[in-house]
Amino acid sequence: MDNIKKFGHNTFASLKIRNYRLYFIGQAVSLCGTWMQTIGQDWLVLKLTNSGTQLGIVSAFQFLPILLLGPLGGVIADRYSKRKVLYITQTVSAVLALVLGALTITGAVQIWMVYILALCLGIVNTINNPTALTFVFEMVGKESLPNAVTLNSTEVNLARAVGPALAGAIIATSGLGPCFIFNGVSYIAVLVVLYMMDGSQLHRMAPAPRAKGQLMQGLRYVKNSPVLLNTLVMMSIIGTLSYEFSVVLPLMAQFTFHGGAGTYAALVAATGAGSVLGGLFIASRKKADARLLVTSALLFGLSLLVAALMPNLILALVVLVFTGVFSINFISLGNTILQLESAPEMRGRVMSLWSMAFLGSTPIGGPIDGYIGEHIGPRWALAVGGLAAVAAAALGSATLIKKVLPRPVSDEMAMEIEESCEEENRMPK
């Protein structure tokens, strides 16, 4: 009994912090809506085009801004009040979802409209993602950060189990449009909890002053930290080819298992359920190190390879549960290592590079996986993702696994980087 109490205390420790508890509640509603929109949008594209390549192209439109403008989003996260920035990004995201819902319900939607709305959402997320990631630190502080990051990832994946199930039921009974409408309305929950937060309890850092060379300053900072650099390289490999579930799983559902939106929702929900289980496990641990990161990447890759071989839907769902377990371990550990390893004034820029590696790589990997899935077979697309994750684990083993996670980069190093950037700015152009 004492062990159970200890596990519960360790697993949910950060929820004792009021601001984070409010945020967690708001996200619970909003994330379900986000996953409903993800299922609805993917199925809408497949319905309009019947093309895996088009799925990849829409994903590319949505994540291309993160690839091209990611560091700029990090500069904004470091420069302005994160709470105020989230007010804006959440409101704009709600409007975009409601517009897509209205177009779908009225029957006016065309594929080019989906392209434009996906692109606009990508621009918003370029700013929202690093801001939201670093806002977690402001809510809980350094000591509770590993637990809060993991609970946040667990919540995302719990929504990935619940949201697709709701989407499947709604699509079957009411069509695709209500999925987008529900998502638009769900953002109200986040806006309400942001308003209810106690600003005096936030661990605010002084905003980075406006200055030339801040983008290059962030890149130089990462280059001078082997742990930051190699963790981001691992995520880039995995993000490009292994995390393209929104492209591969619809193709698996339709062409491999000959199902519909409900089958796709079940595949997504299986990975989400596994991620919840994995998240509860990792949240109870207080250690985040390179060895666990590399092991999680390896097991994630192997589970994808096994899933690609499964002969029927039931066995595929079982294996995808394990895929979810290992995937959340990798994401949570990587996120935590980067935030703890970063100096406070650099954290937004570092996490914008994480978003670029995780989401911004989709414009490259999405069309590749979509083409492989459409022309060679969905199983092959899933297997390519597995091989990529195994390769990332091999790289991490060579560059990280024998290293002890060092302390955050010192103020002296940060000052040296800043002085170097200032010297560059003084040079004639």
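Bear in mind that the values in this text are calculations on the coordinates, not laboratory data. Worth saying up front: this structure is predicted, and the values here are computed from it rather than measured. With ideal geometry, Cβ positions are generated from the backbone for all residues, glycine too; neighbour counts draw on all protein chains shown.
Can you tell me the equivalent ellipsoid semi-axes for the range 18-58? Use √(5λ) from the Cα gyration tensor, largest first, whole Å.
32, 9, 4
Neighbouring Cβ atoms within 10 Å as the yardstick, rank D78, D289 fewest first.
Ascending Cβ contact count within 10 Å gives the list D289, D78.
Taking the Cβ of G199 as the centre, find all other residues whose Cβ is under 13 Å away and add up their charges (Lys, Arg: +1; Asp, Glu: -1).
Taking every other residue near G199 into account, the sum is +3.
If we count other beta carbons within 10 Å of each Cβ, what is the order of V29, V192, fewest first?
V192, V29
Calculate the spin-label point distance for E143 paired with L395, positioning each point 7 Å from the Cα along the beta-carbon direction, and give it in nanometres.
About 3.7 nm, to one decimal.
For a quick check: sort C120, C32, C179 by the number of other beta carbons within 10 angstrom, fewest at the front.
C120, C32, C179
Could you give the distance between the Cα centres of the range 38-108 and the range 326-356, to the whole Å?
Each part reduced to its Cα centre gives a spacing of 22 Å.
Extent of the range 1-132 along each principal axis, from alpha carbon coordinates, in Å, largest to smallest?
56, 39, 26
Taking 2.2 N^0.38 Å as the expected size of a compact globular protein, what ratio does the Cα radius of gyration of the range 281-369 give against it, to two decimals?
Rounded to two decimals, the normalised Rg is 1.27.
Which helices, taking whole DSSP H runs in the chain, have alpha carbons extending 30 angstrom or more along the helix axis plus mean Kyte-Doolittle at least 1.0? Let's see the in-between values first.
Working: long enough: 18-49 (46 Å, 0.20); 52-79 (39 Å, 1.15); 82-106 (36 Å, 1.16); 111-174 (45 Å, 0.93); 177-196 (31 Å, 1.79); 261-283 (32 Å, 1.49); 313-341 (41 Å, 1.86); 378-399 (32 Å, 1.20).
The answer, listed by residue number, is 52-79, 82-106, 177-196, 261-283, 313-341, 378-399.
Over 19 Å apart: what share of the alpha carbon pairs of the range 234-386 falls there, rounded to a whole percent?
The proportion of pairs with Cα distances above 19 Å equals 53 percent.
Counting only other residues whose beta carbon sits under 15 Å from that of L55, what net charge do I get with K and R as +1, D and E as -1?
Working: positive: K47; negative: D42, E244, D369, E374.
Summing Lys/Arg as +1 and Asp/Glu as -1 gives -3.
Per DSSP H run of n ≥ 4, the term is -39500 (n - 2.57); total these for the chain, divide by its residue number, and report the mean residue ellipticity at 222 nm rounded to 500 deg cm²/dmol.
-28000 deg cm²/dmol
With an 8 Å cut-off on Cα pairs and a minimum separation of 6 or more residues, tell me the relative contact order of the chain in percent.
Relative contact order of the chain: 28 percent.
Can you give the local net charge around N128? Use residues other than it whose beta-carbon is closer than 13 angstrom to its beta-carbon, Lys and Arg +1, Asp and Glu -1.
Values: positive: K82, R83, K84; negative: none.
Spelling it out: positives minus negatives among the neighbours equals +3.
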